[in-house]
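Every read-out reported here was derived from the displayed coordinates using simple, explicitly stated rules and does not represent laboratory data. Since the structure is predicted, the reported quantities are computational estimates derived from the model, not experimental observations. Glycine also receives a Cβ, built like all others from the backbone with ideal geometry; neighbour counts cover every protein chain displayed.
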Amino acid sequence: MKVILKQNVRKLGNKGDIVEVAEGYAYNSLIPQKIAEIATKAILSKVEGVAKAAKKAAEQEKIDSIRIIKELDGKTIELKKTVTQKGSLFSAVHLSEVLEVTEKETGEKVPEELIQNFKDIKNSGVVEVLLQFEKVKGSYFINIHG
């Protein structure tokens, strides 16, 4: 009997998977516990539609991520902060602030997942921000000054 899993089941499958199980297991365990439901034609078409939408969204995310990396690659963004005489900052620059100033200056909303190995910035100067999506790499610079 074919069922669609509503949650991950160890040694059986993950949420959304269509699996073949014994009728007794389905009717006595999976369905009463609301872990799975019978795979009717209507439900199968619904699951198929959701899968297509997810695939399309993933493709769009890939296209957008690559476009953002190529557009930002090599650019320098200015960020004004209060700086001591020694060149250190009164407060560190966090990733959220870098993303905010990048969006403000370039109009590009950079997903946090694209940024690699970011550490809070504690000194003024130029800092490289590394970007990567799958095998596509790039970087841009943040110039922090007073």
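Going through the cross-link list Lys56/Lys109; Lys80/Lys109; Lys15/Lys119, which pairs have a Cα-Cα distance over 29 Å in this structure? Write down the numbers at each step before the final one.
Values: Lys56/Lys109 20 Å; Lys80/Lys109 20 Å; Lys15/Lys119 35 Å.
Long pairs (Cα-Cα over 29 Å): Lys15/Lys119.
Which of the trypsin sites (Lys or Arg not before Pro) across the range 98-146 are loop residues per DSSP, with 14 or fewer other Cβ within 10 Å? Don't skip to the answer; put the middle values down first.
On the way: sites: Lys104, Lys109, Lys119, Lys122, Lys135, Lys137; in loops: Lys109, Lys119, Lys135.
Sparse-neighbourhood loop trypsin sites (Lys or Arg not before Pro): Lys109, Lys119, Lys135.
Structure shown: which of Lys41/Lys62; Lys2/Lys62; Lys104/Lys137; Lys6/Lys55; Lys75/Lys122 lie over 26 Å apart, alpha-carbon to alpha-carbon? Walk me through the intermediate numbers first.
Working: Lys41/Lys62 31 Å; Lys2/Lys62 33 Å; Lys104/Lys137 22 Å; Lys6/Lys55 19 Å; Lys75/Lys122 21 Å.
Long pairs (Cα-Cα over 26 Å): Lys41/Lys62; Lys2/Lys62.
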Exercise for review: Would you list the P(r) distribution for the range 2-62, with all Cα-Cα distances sorted into 5 Å bins from 0 and each bin expressed as a whole %?
Suggested key: 4, 19, 25, 21, 14, 9, 5, 3, 0
Study note, to complete from the structure: Checking the range 84-138 for chymotrypsin sites (Phe, Trp or Tyr not before Pro) in a loop per DSSP with at most 15 other beta-carbon atoms within 10 Å yields Phe118
Review point. Taking a quarter of the surface of the Cα convex hull of the chain, what do you get in nm²?
Key: 12.4 nm²
**Study point:** Cα gyration tensor shape for the range 65-145, rounded if a/c is under 1.5, else prolate or oblate
**Key:** prolate
